[in-house]
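To start, the structure itself, in structure tokens.
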Amino acid sequence: QFVRAQLRSRGVLSAEDVRRCPAGTEVAIAGLAITRQRPSTAKGIMFITLEDETGLANFVVMPDTQARYRNAIMAHVPILRGVVESESGVVNVLVKSASILQLGDQTPAVRSRNFR
């Protein structure tokens, strides 16, 4: 919430904003990566949950995108860009690109819980 104005000026939405977006909308979201999962049954697909001051947002990352943006995807505070998918009330973002949110001294010193 301390950098929300900066994020909005860069076109980065909050988790709450994304939940209101219709399927097919291109979005960018930043937040703390609280979980990353890559179940063996998912054929290399990674599932990420980011948290910001408004709640949680869920992401799906295909293997080729993981390889291309690995450093940013594994960052504590990534900016994930992709397309909203919504089915039966469940909203996910299919990640197309990623970058690392640079906050200088404000970058939180937290670790995500990564499950493989």
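Just need the Rg to Rh number for the stretch 24-77, please, alpha carbons only, Kirkwood Rh. The partial results should precede the final answer.
Values: Rg = 11.3 Å, Rh = 11.8 Å.
Reported Rg/Rh (Cα atoms, Kirkwood Rh): 0.96.
Quickly estimate the mean residue ellipticity at 222 nm for the chain, helices only: each DSSP H run with n ≥ 4 gives -39500 (n - 2.57), and the total goes over all residues, rounded to 500.
-3500 deg cm²/dmol
Could you provide, to the nearest whole Å², the per residue accessible area of the chain with probe 1.4 Å?
58
For the chain, build the charge dipole from Cβ charges (+1 Lys, Arg; -1 Asp, Glu) around the Cα centre, then report which of Leu7, Ile34, Met62 sits farthest towards its positive end.
In the chain, that residue is Met62.
Mind listing the long-range amide H neighbours of Thr35? Cut-off is under 5 Å, sequence gap 5 or more, other chains count too, H placed in the peptide plane at 1.01 Å from N.
HN-HN under 5 Å from Thr35: Thr49, Arg113.
Ignoring solvent entirely, what values of log10 I(q)/I(0) come out of the Debye formula for the chain at 0.24 Å⁻¹ when each Cα is a single scatterer?
So the normalised log intensities work out to -1.56.
Karplus couplings for the stretch 61-70 from phi (6.51 cos²θ - 1.76 cosθ + 1.60, θ = phi - 60°), rounded to Hz, Gly and Pro as x?
Values per residue, Gly and Pro as x: 10, 6, x, 5, 5, 4, 5, 5, 10, 3 Hz.
Under a point-charge model restricted to the Cβ atoms of Lys and Arg (+1) and Asp and Glu (-1), what is the dipole moment magnitude of the chain relative to its Cα centre, in debye to the nearest 20? The partial results should precede the final answer.
Working: 15 positive and 10 negative charges, 81 e Å.
Around 400 debye, computed over the chain.
What accessible area, in Å² to the nearest ten, does a 1.4 Å probe give for Ser88?
Approximately 120 Å² for this residue.
Residue by residue, what Karplus-based ³J(HN,Hα) values in Hz, rounded to whole numbers, does the stretch 36-43 have, using 6.51, -1.76 and 1.60 with θ = phi - 60° and x for Gly and Pro?
9, 10, 9, x, 4, 7, 9, 6
The values are calculated or read from the model by the stated rules, or taken from the named source; none is laboratory data. Quantities reported herein were computed from a predicted structural model and do not represent experimental measurements. Cβ: placed from backbone, ideal geometry, glycine included. Neighbour counts: every protein chain shown. SASA here: full protein model, heavy atoms, side chains in, ligands and nucleic acids out. Shrake-Rupley method; radii C 1.70, N 1.55, O 1.52, S 1.80 Å.
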